[in-house]
Amino acid sequence: MGSAASSLKREVHEELSCSICLELFTRPKVLPCQHTFCQDCLRDLAEVRVPLQCPNCRQQVRLPPQGVAGLPDNRIVANMIEKLQKQENHLEETREQPQSDNRCSFHPTEEVKLYCKQCNVPVCIECCEEGHDGHPTTGLKKAAQEKRSTVQALINEGRNIMENYLTFLKSLRQEEEALVEKKQQRDNSIIQAYNQMVQKLTERKDLLLSESQRSHRENLEKIQTESDRVLADVNELSAACDRAEQELQQGWVEILSQQTALTEMVGKYRGKAALTLIQTQPAIFQPTDTPVPVLGCMTVQSLPFAQIPAAPAPIPTASAPIPAAPASSKDAAGGRDHHYGNQRQQEHQPQNVTFGGRGSGAGQFNGPYGVTVSDEGEIFVADKGNQRIQVFTLQGTFVRQFPTVVSGEQKMVPRDVAMDGVGSLWVVGRTYQDAELAVQYNKHGRVLREFDLQKTGWMRGVAVDARRNHILITQTTGDGDNPHGKVLVFRRDGTLVRTVGQQQGMKYPWYITVDGEGNILVADWDNHCVYVYNVDGQFLFQFGGEGSGEGQLKHPLGICTDRAGNIIVVDYDWGNSRVEMFDKTGKFLKHIATDMEGPRAVAMAPQGQLVVTDDKELQVSIFQSF
C-alpha cells in the first residue's frame, strides 16, 4: 500500500502544481481562460512574451493596469495547498517524534499491557483494578491484530475514494480542454460569419455610393449645359451693348447705324421666354427598415458531464465537500492609485454637481478630507469628524456608509483614503488612543488587514502603487518649527520597503499620488511645492514655489493625475483657494476652479470626472469637464 499511497500523493501534487515551474502553486493567479499559474511565473512570462498568452491554451490575456498582480487570486487552490502542506508537516512531525515507551498516561510508573474491550482503550494493571474492574480485556498484541484489519480496510477505502476523486479531476481537466477547443472553433465560426456579412454590406455600400455619384454627375451636367447656354446669350448681348456705347461717343452717323443693329439684338432677347431654373433630380437614399442582420445565435447543447464515480460503502467520517469552481472576478484593472483615472469620455454628461453640507446624517459631512473613486464609478469620501467612509455615485447620490473601525472595535479618525488594484480601500488615520494605523477595508467596510504606523501627530496621505502592490504613506516628524517629512513605501503586510524624499528636504508632505507610469508625486504643504520621483523613488524634479501667480502654490494639498499625465493640484491657501492643472513636466496649464472656499482633496474618476472635497463648505464637487 505504500506504493499506492505514494502514487496518490504524486497525483495530488500534480493537480496542485504550476505547469510552468512544476512546483506547488505560489500565490496562484487565475487567467480569464480559468487556467491557474504562480504569480511570479506569470510575471516572468509577461516580461518576455508580449502580449501575454496562456501557456496552456494560448488564449491572449489582457493584463489589468497593475499587471499580473491585478489578476484574480485562485483562493480555492491556495487553500487546498495550505491544507496539504499542513498535513505533510504534521506527518513529518509525527515521524520525528520518539516512539512511546508504552507507559500509562494515568499511571506513569506502570506499563500498558492490556486492552479493555468494553472501553476500547489500552490499560495498565492499576487501570484494570480502578476503572475497568470486571471489564473483558485481552493482550495488546492480540487486540492490535484484531484491529489491524479494520484500520487497513478503512485506509484502503479512503484511498479508493481519493483515487475516484482524482479520476474525476482528470475528467474535469479533459472536459476543460475540450471546451477550450470548442470555444476556439465557435469563435472562428462567429468571426467568419461576421466577415462574410461585412463583405456583403461593403459591396452594397460601394454600389449605393456609385449610384449616388452617377446621379450627382448627371444633375451637374444639366446645370452646366444650361449655364453655358445662358452665358453665350449674355456674351452676345453684352457685345452688342458695348459696340453701341462706343459708337455713341463718335458721331451722329454711327449712332443711327448702331440703332438699327441694337434694336434687332434687344428685340431678339426681349421676345425670349423668361429664364427658369432647370429641374434637377437628385437621388434620395432611403435606409431600409429591415432589422439589423443577426449573425446567428448561441445555443447550449446538453452534453454528458463527468461525474464522481460511486464510492464504496460509506464510512462514518468527517469529510469536506468538493469546493465549487471559483467565481469569475472582474478584471481589475484598476489596479490603479486612487488619484489616477482612465478619463474615458461619456456622452451627454450632466452639469457639474455639488452635494453635502454640515451634519452627521447620510450625505452630510464633518470634515470631508480624502477622496477616491472606484473603477465602477463609486466615490469614497473620508468623513473625518464623523469617523466614517461615505459612498456616492458620480451624480452625487448617497449609496451607503460604514464606520472606520479597527481591531477591538475602536473607532479611527480617517485622514485619507486610496483604492488599490483589487478594489479594496486603504485608509490612514488615528484612534482616540493615539494609535496611528493603515487599515485595508473591503468596499462595504469589513476590515481585511491593518498595520501600525509611527506615532507622530501629523496628518498623513496614502496612495497605492498597483504595479508593485505597494502602499505609499506620507509621514512628518519633529515639531512645528522644524518638521521633517518623507514617504514610506510598504508592502501590504506592513513591511517597510524603502523611504523616499528625505534628501530633498521635505518638510510636511501630506497628500500623495502615483501616476499611470508609476511616478510618485507628493504635495509638500510647508515647502509650497510638488516633488516628483520615479517608480524606484529616485528624485526627478519639483515645481511650484510660494506665491499666488500662475504656476505658484501656497500650501498645496490634494493631488492627482489624468490619463494624459497632467497633474491636478489643490492650492489650499486662503488667498488662493483654487484647483490648478500642470502638465507632466510641471508647467502651468490653467485654473480649473477658483471659486471654492476650502478645496482639500482631489481624485480622477475613470469616466473622466474630477472630484474635489471642500472642508470649509463641507461639500464635494464633481466637475464633468474642465
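The condition of being farther than 20 Å from Y572 by Cβ, surrounded by fewer than 15 Cβ atoms within 10 Å (Cβ to Cβ) and of a type in the set (K, R) holds for only one of R491, R467, that being R491.
Is region 493-506 home to any residue that is within 26 Å of the chain's Cα centre (by Cα), within 24 Å of R600 (Cβ to Cβ) and among the β-branched types (V, I, T)?
Taking region 493-506 first, the residues within 26 Å of the chain's Cα centre (by Cα) are 493-498.
From what's left, within 24 Å of R600 (Cβ to Cβ): none.
No, region 493-506 contains no residue that is within 26 Å of the chain's Cα centre (by Cα), within 24 Å of R600 (Cβ to Cβ) and among the β-branched types (V, I, T).
So is D434 within 26 Å of G385 (Cβ to Cβ), of a type in the set (D, E) and either outside any strand (DSSP E or B) or modelled with pLDDT under 90 (or both) or not? The answer is yes for D434. Each residue in region 510-522 was checked for being farther than 9 Å from T474 by Cβ and aliphatic (A, V, I, L, M), and 3 pass.
The values are calculated or read from the model by the stated rules, or taken from the named source; none is laboratory data. None of the values given here were measured: they were computed from a predicted structure. For neighbour counting, all protein chains shown are included, and Cβ atoms are generated from backbone atoms with ideal geometry for every residue, glycine included.
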